[in-house]
């Protein structure tokens, strides 16, 4: 795709902003205020959970800006079928870290692109398997005390954890960072092919 369309990012995530900026996108940030309590997740897979949330986030902002392409995203961790999101406090962060860093887990990020003016609504997801290193008690304590787990799904950010806590990954690194750029490019190309990126 030669020309990047102007988009709205329905997320306050600094990691997503940086990924879009590095890829050459021009965008503005308008965080979504989706009330997750009104969305039903009963009986659905972690992947569908993430897709529903990403689409809901994009739609809320797209309703206010119907002529713009709006990108919504949602990242969760899937630990043997259990959905793990952002910890509420230090105690929950420690519980999550102990669970996720004892076995491989999946990081799922769903991406939704919506524009109401020409009825664009597309959503998909990417999955990366993270193989962690077992953390020592001292490392766990230092990680929790640092506070870097705040506002991060799975209570960690791979760009900060790096080689210290992660043995290897299978799949997209940007997916684990919160916005799978390879998937986003495919979705944007799909829209471009249909001649609908101008807006």
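Residues in segment 108-136 that are under 21 Å from residue 170 (Cβ atoms), surrounded by fewer than 18 Cβ atoms within 10 Å (Cβ to Cβ) and out of contact with any strand residue (DSSP E or B) (no Cβ under 8 Å at 6 or more places or on another chain): 1 in all.
Taking the residues in segment 28-46 that are more than 17 Å from residue 180 (Cα to Cα) and touching a strand residue (DSSP E or B) at 6+ places or on another chain (Cβ under 9 Å) as candidates, determine which candidate is surrounded by the fewest Cβ atoms within 10 Å (Cβ to Cβ). Full working, then the answer.
In the first step, residues of segment 28-46 are kept if they are more than 17 Å from residue 180 (Cα to Cα); the result is 28-45.
Still in the running and touching a strand residue (DSSP E or B) at 6+ places or on another chain (Cβ under 9 Å): 28-32, 34, 41, 45.
Values: 28: 10, 29: 15, 30: 18, 31: 13, 32: 21, 34: 20, 41: 14, 45: 13.
Only one residue fits best here, namely 28.
Among the residues of segment 176-187, those that are at pLDDT 95 or above and part of a helix (DSSP H, G or I) comprise 181, 182, 183, 184, 185, 186, 187.
Being part of a loop (DSSP other than H, G, I, E, B) and free of Cβ contacts under 8 Å to residues at least 12 places away in the same chain is the filter; apply it to segment 13-40 and report the residue that is nearest to the chain's Cα centre (by Cα). So that I can check it myself, show each step before the final result.
Step one: of segment 13-40, the residues part of a loop (DSSP other than H, G, I, E, B) are 13, 23-26, 30-35, 39-40.
Then drop every residue that is not free of Cβ contacts under 8 Å to residues at least 12 places away in the same chain, which leaves 35, 40.
Numbers: 35: 17, 40: 19 Å.
Restricting to residues being part of a loop (DSSP other than H, G, I, E, B) and free of Cβ contacts under 8 Å to residues at least 12 places away in the same chain, the top hit is 35.
For segment 76-149, please list each of the strands (runs of 3 or more DSSP E) lying entirely inside it that holds at least 3 residues being closer than 28 Å to residue 9 by Cβ and modelled with pLDDT of 95 or more. Explain how you work it out, then say what you get.
Numbers: elements: 82-84, 105-115, 120-132.
In segment 76-149, the matching strands (runs of 3 or more DSSP E) lie at 105-115, 120-132.
From the list 105, 68, 49, which residue is in contact with a strand residue (DSSP E or B) (Cβ under 7 Å, 6 or more places away or on another chain) and within 16 Å of residue 172 (Cβ to Cβ)? Just a single option satisfies the conditions, and that option is 105. Among the residues of segment 44-75, those that are without any contact (Cβ under 8 Å) to a residue 40 or more places away in the chain and assigned to a loop (DSSP other than H, G, I, E, B) comprise 44, 45. The conditions of being surrounded by fewer than 22 Cβ atoms within 10 Å (Cβ to Cβ), within 27 Å of residue 9 (Cβ to Cβ), out of contact with any strand residue (DSSP E or B) (no Cβ under 7 Å at 6 or more places or on another chain) and touching a residue at least 60 places away in the same chain (Cβ under 8 Å) are met by residue 157.
The values are calculated or read from the model by the stated rules, or taken from the named source; none is laboratory data. Since the model is a prediction, treat every value here as computed from it, not as a measurement. All Cβ positions, glycine included, derive from the backbone under ideal geometry; neighbour counts span all protein chains shown.
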